[in-house]
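Have a look at the structure below before the remarks.
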Amino acid sequence: MNHSEHILVTIKKFAELTGLTEEAIRQYIKKGHWTEKIHWRKAPNGRIFINTKAAYSWIEGIGA
């Protein structure tokens, strides 16, 4: 996979792009609906970044 397939954005930005609330996104992570290193990653500073490609696939019902 190339870099363009791994666009990472903050929870806030992903909420803006999708219309999901930031809390809904955090709950997907907390409840395990989204998997670490697939749908999201934690940066060394503790910030969470969403893998847009994987998250959009999940929203559309395809893939992980």
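Here Ile62 clears all of (1) of a type in the set (A, V, I, L, M); (2) touching a Phe, Trp or Tyr at 6+ places or on another chain (Cβ under 7 Å); (3) at pLDDT below 95 except the condition numbered (2).
Inclusion of Ile38 among residues that are at pLDDT 95 or above and in contact with an Asp or Glu (Cβ under 6 Å, 6 or more places away or on another chain) is not warranted. The residue pairs whose first member lies in region 49-63 and is surrounded by 15 or more Cβ atoms within 10 Å (Cβ to Cβ), whose second member is among the acidic types (Asp, Glu), and whose beta carbons are closer than 8 Å, counting only pairs six or more residues apart or on different chains, are Lys53/Glu5.
Within region 48-64, the set of residues being in contact with a Ser or Thr (Cβ under 7 Å, 6 or more places away or on another chain) and within 12 Å of Val9 (Cα to Cα) comprises just one member, Phe49. Tell me, which residue of region 7-26 that is more than 10 Å from the chain's Cα centre (by Cα) and under 14 Å from Ile59 (Cα atoms) is surrounded by the most Cβ atoms within 10 Å (Cβ to Cβ)? The selected residue is Leu20.
The values are calculated or read from the model by the stated rules, or taken from the named source; none is laboratory data. Fair warning: this is a prediction, and the values are worked out from it, not measured in the lab. Reconstructed Cβ throughout: ideal geometry from the backbone, glycine too, with neighbour counts over all protein chains shown.
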